[in-house]
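Below is one structure, written out as structure tokens; comments come after it.
The values are calculated or read from the model by the stated rules, or taken from the named source; none is laboratory data. Here the structure is a predicted model, which is why all the values come from computation and not from measurement. Neighbour counts are summed over all protein chains in view; Cβ atoms, including those assigned to glycine, are modelled from backbone coordinates with ideal geometry. With ligands, DNA and RNA removed, areas are computed over all heavy atoms of the protein, side chains included. Shrake-Rupley method; radii C 1.70, N 1.55, O 1.52, S 1.80 Å.
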Amino acid sequence: MKILVGQNHLDSLGGSETFTYTLIKGMLELGHKVDVLCGQPHRLGIMSNKIKEDFNIDVNHITGGYDLCLLSHQSSVKLLSQIIQQHNLGINSNNIYQICHGTIPVEEQPTLMPGVKYIAISKEIQEYLKTFNLNSTIIYNLVDLQRFKFIKPNNKVKSIFSLSQSNNFNLVLKNICDEMGIKFTYNNKITNPIFNVEKVMAENDMVFSLGRGCYEAMAMGKNVVIADHRPYQSSYSDGIVTISNFYSFMENNCSGRFSMKETTLELLKKSILEYNPKNGYDMRKIAEEEFDMLKQCKKYLKLIK
């Protein structure tokens, strides 16, 4: 089959960009042809270069004849609509979907255009779409389990990796780690984007993150703490992830908005003290059941009518 994957921008490295990369890879591994649409064509860069390098796909080379269009963000939906109006692309209009990754950013809002259908990556987003009287299908995030391989957990936490974008958060966490004799590493995607984050995760026992970073760390068998400071929401955290609480946290895409706990010094210390190697085995099992890249891509393909 022929699939069109859309994304607002490809000049930075973040959750939706790595989601798009993984979606492309999964569809290609299943034997399908993939084209890629960037909703803001002037915003090409680190990820469009990576897509070209790894998959030999030129972004915005639109060939038409798509059986399924999976478009993240308003801009890619609107750009495809313009292209359809200008050219006869032979697209099955019953199979154009906007994938909604959040409820707050403008680009994540549903594009209210005739014929567009919706995919929510969490229950929270599905409920949000209902406020627009829109139905949606939930398909959770997808992770490349061969890339994010399981690593046997250590018996105790010796090193912590933070994916926080907040310098203040990372400083607080570093001070805690120094106090507890734990090695601390961080990566801020805004100031230092790195694609192969799994190499750094592999060297650490515990990962502090929100969203996709949590799922990728889970796949590697890491203890995961949902905590950060983000400019678009209050300082919410869920704390350490276990097999008993994960499915509740997933309802809000591991954003901290399920528990809405304030990210305090006490919460961070408590989360570290709750480290348990058993969590690592549980996390990998959940990742295999819920986020396997190929399983999730097959769910998208089932939407084709």
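For the stretch 26-79, what class follows from the C-alpha gyration tensor (a ≥ b ≥ c being the square roots of its eigenvalues): rounded when a/c is under 1.5, otherwise prolate if a/b is larger than b/c, else oblate? Could the numbers behind the result be given before it?
On the way: a/c = 1.85, a/b = 1.10, b/c = 1.68.
In terms of gyration-tensor shape, oblate.
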- Under a 5 Å amide H to amide H cut-off, with H placed in plane at 1.01 Å, what residues pair with residue 117 once short-range neighbours are removed? 96, 97, 98
- Query: What full-extension length gain, to one decimal in nm, is calculated for residue 273 and residue 33 as 0.36 nm per residue of separation minus the Cα-Cα distance?
  - Reply: 81.7 nm
- For the stretch 42-116, just say rounded, prolate or oblate: build the C-alpha gyration tensor, square-root its eigenvalues into a ≥ b ≥ c, call rounded for a/c under 1.5, and beyond that prolate if a/b exceeds b/c, oblate if not. oblate
- Surface per residue (accessible, 1.4 Å probe) for the stretch 99-169, Å²: 48 Å²
- Query: Which loop-located chymotrypsin sites (Phe, Trp or Tyr not before Pro) does the stretch 61-146 contain, where loop means any DSSP state but H, G, I, E or B and the Cβ has at most 14 other Cβ atoms within 10 Å?
  - Reply: 132
- Of 190, 182, which has the most accessible area with a 1.4 Å probe, and how do the rest follow in descending order? 190, 182
- Task: Excluding residues on the same chain fewer than 8 positions from residue 2, give the aspartates and glutamates whose Cα lies under 14 Å from its Cα.
- Result: 29, 35, 67
- Query: Protein chains only, probe 1.4 Å: how do 259, 237 rank by accessible area, largest first?
  - Reply: 259, 237
- Which lysines have a Cα less than 24 Å from the Cα of residue 156, not counting those fewer than 8 places away in the same chain? 174, 183, 199, 222, 269, 270, 278, 285
- Item | Distance between modelled label sites at residue 147 and residue 262, nm, 7 Å Cα→Cβ extension | 3.8 nm
- Item | Environment charge of residue 9, counting only residues whose C-beta is closer than 10 Å and scoring Lys/Arg +1, Asp/Glu -1 | -2
- Where in the stretch 23-45 does the amide nitrogen come within less than 16 Å of the point 7 Å from the Cα of residue 82, taken along Cα to Cβ? 37-44
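What does the extension gain come out to for residue 53 and residue 190, with contour length at 0.36 nm per residue minus their alpha carbon separation? It would help to have the intermediate numbers written out before the result.
On the way: separation 137, 0.36 × 137 = 49.32 nm, distance 2.22 nm.
Residue separation times 0.36 nm, minus the Cα-Cα distance, leaves 47.1 nm.
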- Separation of alpha-carbon centers, the stretch 1-70 and the stretch 183-218, rounded to whole Å: 23 Å
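Which whole number of Å³ per residue matches the convex hull of the alpha-carbon atoms in the stretch 172-305?
Working: hull volume 18.1 nm³, N = 134.
Output value, Cα hull per residue: 135 Å³.
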- So how do 242, 137 rank on accessible area, 1.4 Å probe, biggest first, that is with the largest at the start? 137, 242
